[in-house]
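For reference, the structure is listed below as structure tokens.
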Amino acid sequence: MRVYVPLTLPALAEALKAGEIGPGPLTAYAVTPALREWYVSDDIEELEYAALNRAASGSLRLIAGDPATARRRVVAAVDVADSAAVADPDRGLDPGALGEVRLAAAVPLAKVAAVHADGDEAEPDVTAAAAALGAADLGDDDARFVVDGAEDHELLWFATQEIPGLLG
């Protein structure tokens, strides 16, 4: 099963150094039954793209919680056994938890299929979105518009051997 783990650039650097993403438990996003129902599509590529975008939102939350971290969203696409990704049945239809799964243990870097990250041009919008996230969560429409501005940026795809270059 392909899961998408939200990260920050410093967390990716730490994973590269440690040889694993972790420690567990980790929050990730995947094509779950609830995500399928919400997205109403049978196209697996569209569903995986939706899960990737959910993870990008998770990365934005990590960035908002750490004012010192680089303002670029990062998501690791990881292949794990189906049994390793567990969805919380009590939160399945919670809009904030669509596609959310838990990984109990750290994930070896060898399981990472690719990394998706914002390009440099996204930094101003991601910075503004991170600052506006709290107000957006409280229902401020103007703040939601700012957060959506970051989501307008497509994440770039990086092969695992490109991680050191991504980290600069």
Of Lys17, Lys111, how do they rank once you tally other Cβ atoms within 10 Å and put the fewest first?
Lys17, Lys111
Taking neighbour Cβ counts within 10 Å as the exposure measure, how do Val75, Val86 sort from fewest upward?
Val86, Val75
For the chain, alpha-carbon Rg and Dmax in angstrom:
15.2, 41
Which value in deg cm²/dmol, rounded to the nearest 500, describes the helix-derived mean residue ellipticity at 222 nm for the chain, given -39,500 (n - 2.57) per DSSP H run of n ≥ 4 and division by the residue count?
-12500 deg cm²/dmol
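Where a number appears in this text, it was derived from the coordinates with a stated rule and is not lab data. Quick caveat, the model's predicted, so the values are computed rather than measured. Heads up, the Cβs are rebuilt from the backbone with ideal geometry, glycines too, and the neighbour counts pull from every protein chain shown.
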